[in-house]
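Participant: Sending over a structure as structure tokens; questions will come in a sec.
The values are calculated or read from the model by the stated rules, or taken from the named source; none is laboratory data. Nothing here was measured: the structure is a model prediction, and the numbers come from that model. Here Cβ is always computed from backbone atoms with ideal geometry, including for glycine, and neighbour counts include all displayed protein chains.
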Amino acid sequence: MLEVRNLTKDYENKPLLKGVSFEVDQGELVCLLGSSGSGKSTILRIIAGLEEPESGAVLWQGRDLREVPTHKRGFGLMFQDYALFPHKTVAQNIAFGLQLQGLKEEEISRRVKDGLESIQMESFADRPVTELSGGEQQRVALARALATSPKLLMLDEPLGALDHTLRTQLIQELRAILHQSQIPVIYVTHDREEAFGLADRLVILHEGVILQQGTPQELFEQPETPWIAEFLGLGNLVPGVVTQAEPLMIKTDFTELTFPNQPLQYSPGQECQLLLRPEDALIGAPFSAQENRFECTVRDSLFMGEYHQLELLCGETTLFAKSETPAELGAKLEVSWPAESIRVFANQ
Amino acid sequence: MTKRPALLTLALWLIPLAFLAYFFYQPLVAIFRLVFSEHFSQGWELFEWSQVSKPLNFTILQAFLSTILTLVVGLPAAWLFARFDFPGRKVLRAISLLPFILPTVVVAAAFNTLIGPQGWINQALMALFNLTSPPLKLLNSLPAILLAHVFYNTSIIIRIVSSSWSRLNPRLEHAARMLGATPWQTFTKVTLPLLLPSLLSASLLVFLFDFTSFGVVLMLGGPQFSTIEVEIYNQAMNRFNLPVAGLLSVIQLGITLLVTLLQNRVNTPRYGKAALNPERNALSRPAKRWQKTFVLFMAISLVLLFAVPVFSLITRSFVTLEADRAQRGEVAIGFTLRYYRELFRNRSGSIFYVPPIQAIRNSLLYSGVTILIAGLLGTLTAYAMARRARFNKFLEPLFMLPLGASAVTLGLGFLLIFNRPPWANSTFPLLIPIAHSLIALPFVVRTMLPAIRSIPESLREASRSLGANPLQVLLRVDLPILLRSLLVSLVFVFTISLGEFGASSFLSNPHTPTIPVAIYRYISQPGALNYGQALAMSSLLLLVCGLGSLLIEKIRLPGEELF
């Protein structure tokens, strides 16, 4: 449906986007995930036609949108600060786009009513938007963007300004509303939880370049670089050196790990990074395998509700691990990470 | 600060109030008494309403037309400065804002050098076609007045509207575009409604300035065009018909008050932070072709409107084009410093002749005194207003009234009340700095008040707890923080006083003119030398006011406005 092809954009003479390409399909919710300054919002603004790229193209159903002005693209954009019209009421804000489409009064008021219903704010119709709370403004902005039935909806950090409890609640609501609307959605955020909670597909943007895209599960299971693993907060990243190729053995600061079933692609002496996920740690359970087992000292043990988070000192390295049981501070513990749970990144 | 805060506040009010009561309200009351006793006791039959209605109608008409034209120029200019970044932006903005601080006589003189009989255009046409008299009679016409008013007041629109426009969240406009609005619909449905308060406020202010315009109309309009302000002057100074002058003053005061009240009402910000730009900078380089065309067109128009008259004045003051009085035969056309040199010579030896240098000395002396009076009273008043006391809301309007009263009305009132012992005709000029102080006072208060309010009380409390006495607190905490604002207001007072024409024209006697009064005198006399000297003085005044304006821009705090 939407294709973004090789976009580049400079900002104050520095490259902000360095050739960004991705696609969005019918009914798909794509999350652009990146830290601030990665150029995510600029991509939205270029798709919207509010900014022009230095090079590259935005295509809708194969058609280049270069010559199509913003108001004729028929896309919706929900701004980070909502950009509700302060001189209009809630209902007038939602009606704005409908009036511009030249719809009849009855049709407009019906659709405004539907919109208010979908965000459960029927009683707010005649309130000035300046009197709404952040969460209420967010919903009105969503209703306003959806009221015109845009061909594509873009949301720029829509939950960014809200507190954590409200966010968790709104993510659920958003997902329901967006999936109901059946239109393709591009959702920009810097928040992993939000992205994983909403996206059909994730696009990770870093310094104007797309690092990886895929379903949340793909990204979770197969991050392509240590940077992505760290950015997504997937677990402990540990440096190591290959000591043997067949079977693969990697020496770290605290132990030597063995990977019996790894394909042959490493050579001895090669440096690499290892991803050890906290949830894959085997602690205090009877180990079926004896490999990759080492001793650590418990530095801290935190009760997190469903599990205990252990901070372990192994050699000079600190590792985090999830445990079903608490541990005593200073105690020695035997820990193991099964070889198949460890992801190896060879250093370039 | 003390245990009796209300008492201290009252003490702060005391001197400014006494000054105002004696020098502003007493003359004002005198005008009212004159109008409602003497004149109307003679009965309505003797009074010709056309004496009032004619200037009133014309005043409203020209103010209305001027305001519309000013908006036509000012609105696109406000957009230009609010949204676009381009090379030379700062210089162009400085040029566009300069007229506000220019004295009316300088503006009038500048337009005179452009379109007057001795101006560039007419002299060039005469030389080209060998004419004996100036072909274009552009001076003394309504277009001349309107042009000067547009020149003068566009800066107000730019200042007020472009500052609120640049603070307007551009995403509101983007949101409208996303919802299907064309650029024009976005402007009419979103931008314009949100700008309306500042737009109305600026327009009313422009209307007010046009309505009370004196120097421009007197010098560019000629005898057949007379606004209320000019008519007050004529009736009082030329026909000695004080009651009619008084009635005109009362009518004018009523209207200006009404407009001022309206202006204050619309000026209140309506949407709080909701419409504010979250980012510091909404400027962008013109990217599309129509944007580039717009920026170029506006830049050229603004340079033509603002730089050309100023340039014309300065160049004309260095050039001889026509004959002196009583000089016959060929005239040497070319560059000359003579007009400037002549400023320091006493040529005619007549007892009524005053050398220009004397006028410059007078003006500098008066502005010095004005700075002292207005600075002191303005700061006291601002301190009093910054304090929380119940009676403040009754006293504050008393201080903003002088802004509504025109300089000419002030002059008339002074004429009525101080024309007797202990004042005498010869001591009249001593009243000039007082009149100037009254005119400048509201500006000082408006600059100082926000600065004083910005000092958190905890700062003073902290320094007192560290052992500072009240005087030390004032000198070591308040003064350093207020210094910038104080300097800004004093420079502003200086330029106001130097350029003030209305009240000075009432109060200065033939021996003690101020610079603007002297310029008016010289420019209305025949002869190249008189004309040239008027231009030389105007250019000097322009230079001083331009430097003052530059200084203000340098030292003023960001976001501080002068009205």
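Participant: Output the residues belonging to the range B:231-257 that are touching a helix residue (DSSP H, G or I) at 6+ places or on another chain (Cβ under 7 Å) and not in a helix (DSSP H, G or I).
Facilitator: Hit for the range B:231-257 is B:241, nothing else.
Participant: Something else: Hey, which of the helices (runs of 4 or more DSSP H) in the range B:55-139, taking only ones fully inside, have at least 3 residues that are farther than 20 Å from residue B:310 by Cβ?
Facilitator: B:120-129
Participant: Same structure, new question: Say whether the condition of being among the β-branched types (Val, Ile, Thr), within 27 Å of the chain's Cα centre (by Cα) and modelled with pLDDT of 90 or more is met by at least one residue in the range B:77-97.
Facilitator: No, because not a single residue in the range B:77-97 is among the β-branched types (Val, Ile, Thr), within 27 Å of the chain's Cα centre (by Cα) and modelled with pLDDT of 90 or more.
Participant: Going through the range B:206-227 one residue at a time, which ones are in contact with a His (Cβ under 8 Å, 6 or more places away or on another chain) and assigned to a loop (DSSP other than H, G, I, E, B)?
Facilitator: B:213
Participant: I'd like the full set of residues that are modelled with pLDDT of 90 or more and over 30 Å from residue B:25 (Cβ atoms), limited to the range B:431-470.
Facilitator: If the condition is that a residue be modelled with pLDDT of 90 or more and over 30 Å from residue B:25 (Cβ atoms), then no residue fits.
Participant: Can you tell which of A:211, A:198 is aliphatic (A, V, I, L, M), at pLDDT below 90 and closer than 15 Å to residue A:31 by Cβ?
Facilitator: A:198
Participant: Provide a single number: the residues in the range A:162-201 that are part of a helix (DSSP H, G or I), more than 17 Å from the chain's Cα centre (by Cα), within 28 Å of residue A:61 (Cα to Cα) and not hydroxyl-bearing (Ser, Thr, Tyr).
Facilitator: So the answer is 4.
Participant: Here's something else I'd like to know. Which condition does residue A:151 not pass, out of (1) under 27 Å from residue A:38 (Cβ atoms); (2) buried (at least 18 other Cβ atoms within 10 Å of the Cβ); (3) touching a strand residue (DSSP E or B) at 6+ places or on another chain (Cβ under 7 Å); (4) within 14 Å of chain B (Cβ to nearest Cβ), if it passes all the others?
Facilitator: Of the numbered conditions (1) under 27 Å from residue A:38 (Cβ atoms); (2) buried (at least 18 other Cβ atoms within 10 Å of the Cβ); (3) touching a strand residue (DSSP E or B) at 6+ places or on another chain (Cβ under 7 Å); (4) within 14 Å of chain B (Cβ to nearest Cβ), the odd one out for residue A:151 is (2).
Participant: A further question follows. Does residue B:403 qualify as being in a helix (DSSP H, G or I) and at pLDDT below 75?
Facilitator: Answer is yes for this residue.
Participant: Name every residue in the range A:30-47 that is among the hydroxyl-bearing types (Ser, Thr, Tyr), within 14 Å of another protein chain (Cβ to nearest Cβ) and either crowded, with 17+ Cβ neighbours inside 10 Å or free of Cβ contacts under 8 Å to residues at least 60 places away in the same chain (or both), in order of residue number.
Facilitator: Once the filter is applied, which keeps residues that are among the hydroxyl-bearing types (Ser, Thr, Tyr), within 14 Å of another protein chain (Cβ to nearest Cβ) and either crowded, with 17+ Cβ neighbours inside 10 Å or free of Cβ contacts under 8 Å to residues at least 60 places away in the same chain (or both), the range A:30-47 yields A:41, A:42.
Participant: Give the range A:6-18 a look and list any residue that's surrounded by 15 or more Cβ atoms within 10 Å (Cβ to Cβ) and more than 21 Å from the chain's Cα centre (by Cα), or say none.
Facilitator: A:8, A:9, A:15
Participant: So, in the range A:81-120, exactly how many residues are facing chain B (nearest Cβ under 8 Å) and in a loop (DSSP other than H, G, I, E, B)?
Facilitator: So the answer is 7.
Participant: Of a type in the set (Asp, Glu) and surrounded by fewer than 17 Cβ atoms within 10 Å (Cβ to Cβ), is that true of residue B:500?
Facilitator: Judged against the criteria, residue B:500 is not a match.
Participant: Please tell me if residue A:50 is among the hydrophobic types (A, V, I, L, M, F, W, C), within 14 Å of chain B (Cβ to nearest Cβ) and free of Cβ contacts under 8 Å to residues at least 60 places away in the same chain.
Facilitator: Here the answer is yes, as residue A:50 does meet what is asked.
Participant: Do we find that residue B:546 is surrounded by fewer than 24 Cβ atoms within 10 Å (Cβ to Cβ), closer than 24 Å to residue B:374 by Cα and not β-branched (Val, Ile, Thr) in this structure?
Facilitator: Taking the combined requirement at face value, the residue satisfies it.
Participant: Can you find a residue that is surrounded by fewer than 19 Cβ atoms within 10 Å (Cβ to Cβ), of a type in the set (D, E, K, R), at pLDDT below 80 and outside any helix (DSSP H, G or I) anywhere in the range B:33-40?
Facilitator: No, the range B:33-40 has no match at all.
Participant: Continuing with the same structure: Across the range A:121-139, what is the total count of residues that are more than 12 Å from chain B (Cβ to nearest Cβ) and in contact (Cβ under 8 Å) with a residue 40 or more places away in the chain?
Facilitator: Within the range A:121-139, residues that are more than 12 Å from chain B (Cβ to nearest Cβ) and in contact (Cβ under 8 Å) with a residue 40 or more places away in the chain number 1.
Participant: Then there's this: Can you pull out the strands (runs of 3 or more DSSP E) entirely within the range A:229-340 that have at least 3 residues that are under 30 Å from residue A:206 (Cα atoms)?
Facilitator: A:236-244, A:271-276, A:317-323
Residue-by-condition table, conditions (1) within 14 Å of chain A (Cβ to nearest Cβ); (2) within 20 Å of residue B:80 (Cβ to Cβ):
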| residue | (1), (2) |
| --- | --- |
| B:100 | no, yes |
| B:113 | no, no |
| B:135 | no, no |
| B:141 | no, no |
| B:151 | no, yes |
| B:157 | no, yes |
| B:169 | yes, yes |
| B:172 | yes, yes |
| B:178 | yes, no |
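Participant: Could you pull out every one of the helices (runs of 4 or more DSSP H) wholly within the range B:452-554 that has 1 or more residues that are farther than 26 Å from residue B:235 by Cβ, of a type in the set (Gly, Ala, Ser) and within 19 Å of the chain's Cα centre (by Cα)?
Facilitator: B:479-499
Participant: Oh, and also: Could we say that residue A:178 is modelled with pLDDT under 90, surrounded by 15 or more Cβ atoms within 10 Å (Cβ to Cβ), touching a Lys or Arg at 6+ places or on another chain (Cβ under 6 Å) and not small (Gly, Ala, Ser) here?
Facilitator: No, not satisfied.
Participant: Restrict the check to the range A:59-80 and report whether at least one residue is among the aliphatic types (A, V, I, L, M), within 14 Å of chain B (Cβ to nearest Cβ) and part of a helix (DSSP H, G or I).
Facilitator: Within the range A:59-80 (the criterion being among the aliphatic types (A, V, I, L, M), within 14 Å of chain B (Cβ to nearest Cβ) and part of a helix (DSSP H, G or I)), the answer is no, since none of the residues qualifies.
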